[in-house]
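Remarks on the structure that follows.
The values are calculated or read from the model by the stated rules, or taken from the named source; none is laboratory data. As the structure is a computational prediction, the values presented were derived from the model and not from experiment. Positions of Cβ are backbone-derived with ideal geometry, glycine not excepted, and every protein chain shown enters the neighbour counts. What goes into the accessible areas is simple: the full protein's heavy atoms, side chains included, and nothing from ligands, DNA or RNA. Shrake-Rupley method; radii C 1.70, N 1.55, O 1.52, S 1.80 Å.
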Amino acid sequence: MIKIKGGRLFDPKNGIDEEGDIYIVDGKVRKEGAAEIEIDAAGLYVFPGFVDLHAHLREPGREDEETIETGSRAAVKGGFTSVCAMPNTEPPVDNQGVARFVKEKGEKAGYARIFPIGTITKGRKGEEISEFGDLIEGGCVGVSDDGDCVRKSDIIRRALEYAKMFNIPVIEHPEDTYLSEGGQINEGRISTILGMGGIPSISESIIVARDIEIANFVGGWIHLTHISVKDSLEKIIEGRKKQRGKITCDVTAHHLVLTEDKVKEFNSNFKMKPPLRSEEDRRALVWGLRNGVIDAIITDHAPHAFFEKELEFDLAPFGVVGLETAFSSLYTYLVEKGELELATLVMYLSSSPALLFSLPYGEIRDGGIADLVLVDLKGEWEVREDTLASKSKNSPYLGEKLRGVVVCTIVDGRIVYREGEWRRRNEGISS
Amino acid sequence: MDNGGRSLNRKDLLGIEELSREEIELILEQAEGMKEILERPVRKVPALQGFTIANLFFEPSTRTLNSFLLAERRLSADTVNVSASSSSVLKGETLLDTAKNIEAMKVDMVVLRHSCPGAPHFLAKRIDASVINAGDGSHEHPTQALLDLLTIKEKFGKIDGLKVLIVGDIMHSRVARSDILGLRKMGAWVRVCGPPTLIPLWIDELGVEVEYNLDRAMRDVDIIYVLRIQKERQKKGLFPSIREYVKYFCITPERLRQAKEGVVIMHPGPMNRGVEISPEVADGPWSVILDQVTNGVAIRMAIIYLLARRRR
Ligand SMILES: [Zn+2]
């Protein structure tokens, strides 16, 4: 049993913002109890554990870049207690066997809860839909061909229809590759100055519009992931008015903070898909979050080996790590600067994504599951290769000092991370 | 060639974007001094004896490479050439590996031609040797822009206030980007012309005017800068045919009748005669294309000298 003493309990979903003690008994949050272990949380915020709907943990296939173990260590260091693992692995998660493998590896690692996402199509080829039922039985909570868009309109239609009988999200990576091919960065002022291939905003908004049309036509659930441009938000707002299909979306932490100007230094740690967009787009995304258009903040954690990122910009792969910096970058750049309320940030990192994917976490209530994170908002840490737990170090924040330090992370009532030390929840001390 | 001990206060020359007007003026002045050397019977000075320059050309370009080589030899520098076909690049060695290896051989300067924008910037941050950008993808070609500015200055006695039209594939042209930046910095006014599919939608961010109609575009300008049209762009479907390109954008003597008296034609070479420029224009009285080639050596001598002087 654990007592968390004197922390500032902060749960936007249940309207909690008060100083007080809570207890953890049998993995549940309790108002009262006895304590074997006491955590002095004076000066710390106690948030519901964060839920990431979109991370690339690279296993199986690219264990040199990240494993489920190292990825889930990075997750809890960043305050994430649940992580959905994207299926673009090698082999991809397109059958129950691989799904089970991911799930079991997550259990064995014993840090964050790992939920596999299955592929929409077999082999991620975009031709035939996967066995959604089997994938769900293997632990999958949604399907996605992320990394690639489902190019063929009839295939995404079938997926949206078939998924209706399971009530799972079909997660689209919206990118019309006919329009984005050869692109490296956002098409706009910076791509013009740098002479780089542009990825136009319409390559995203066209697929967003297409998928919304289809979801509304068949009455399916489309989840549009890593929305990055203003036009996509407009399409989503319009599309929801029809109230036929279910239309949900998320935004990455880095698209809320960074813009295309960062690319001017040719640093490949600012190269990702979708690309960093204009300041106008970034502001629209923050607006979308504040006004409930966007359902969740994701990390799109995408580890890449150093030797692959340490190349000419055009040759480097897309993607950046984000599990460890998501909260503190958003806190430092948005909350401290007054662009976003702390409550909004915490809600879209915890309860909102949890509810969306029907995961029973993301809140602090009597009898609720004890997935919690203790954060020192005044604390500061420097993002460096040696302070990142992820196996890959391709962070856009390298060398920066961020505020909002995760001090302690609790999953299922067990302390899995505390001040630079990790402990698996399936071993050692218990509550 | 003595310039009173002035040097460029920078390690590298990566683009026109980062140069100030004063720095550009210094380079042009130094290049004028270098031209005197090129007129001498013995066209060589011992200025850079013991100074080693590596020419890394990851993209074929005989013209630019030769111009750099001549410039380096005129200054008595030692040179080593690495081209994509002869280097280990084909064996999977990265740009960084190649550069580090070359640096380990104690070179003082690297001249880099590369197909990726920012490759020289990437390299400059990671090696101690000075880096000169000899063209990075569609990004910049600063030595070309500087030799163009020198040519214009010689021809008109000034750059400030001139009107320049750049015609062709603005989208993929590093020459266009560097020239626009350089001309704007030196006070010239720039218009671009070409098929809309070859002009970036955001080009006005660079402070230029856009006109798709060549006849209208050329009416009031002092200089028409013709870009090389690469035939592979047509194959990628960016314009329907060479034939139609010629119809709308080839610079011919007939078209030039609508231009100002004394209009000057420039081209970075190599030319596609009969595509973007007719042979009569290329070899005609309007053309300063061969002056550009001569000035290329002088400008490169000046840049190498000014960067090397700082290192010493
Ligand atoms: Zn994606």
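Here is how the numbers come out for the structure above:
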quantity	calculated
Two-site FRET efficiency, residue B:44 against residue B:81, from Cβ-Cβ distance with R₀ of 22 Å, rounded to 0.05	0.70
Within the range A:339-368: backbone nitrogen closer than 12 Å to the residue A:31 label point (7 Å, Cα to C-beta)	A:365-367
Max mean-square fluctuation residue, GNM over chain A, Cα-Cα springs under 10 Å, options A:257, A:76, A:218	A:218
Listed residue (A:89, A:16, A:180) projecting farthest to the positive dipole end of chain A, Cβ model	A:16
Efficiency of FRET from Cβ geometry, residue B:126 and residue B:258, R₀ 45 Å, rounded to 0.05	0.35
Cα-Cα over 22 Å, subset of A:105/A:309; A:378/A:401; A:264/A:309; B:163/B:185; B:158/B:260	A:105/A:309
Amide proton proximity set for residue A:54, modelled H, under 5 Å, gap of 5+	A:84, A:299, A:300
Interface A:B - total buried accessible surface [probe 1.4 Å, Å², rounded to 100]	1700
Calculated FRET value between residue B:244 and residue A:104, using beta carbons and R₀ = 60 Å, to 0.05	0.45
Two-site label geometry, residue A:127 and residue B:10: point separation in nm, points 7 Å out along Cα→Cβ	5.2
Rounded, prolate or oblate (a/c below 1.5 giving rounded, otherwise prolate when a/b exceeds b/c) for the range B:112-173 by Cα gyration tensor	oblate
Candidate aspartates and glutamates for bridging to residue A:13, where Cα separation is under 16 Å - those fewer than 8 sequence places away on the same chain excluded	A:295, A:341, A:363, A:366, A:371
Volume per residue of the C-alpha convex hull in the range B:143-293, rounded to whole Å³	97
Contour minus Cα-Cα distance for residue A:178 and residue A:279 (0.36 nm per residue)	33.8 nm
Bins of 20 Å from zero: percent of alpha-carbon pairs in the protein assembly as shown	16, 41, 29, 13, 1
When each of A:108/A:393; A:3/A:337; A:273/A:337; A:235/A:271 is checked by Cα-Cα distance, pairs over 29 Å	A:3/A:337
Accessible area of the range B:143-293 belonging to carbon and sulfur atoms, whole % at 1.4 Å probe	50
Accessible area of the range B:72-178 divided out per residue, in Å², using a probe of 1.4 angstrom	33
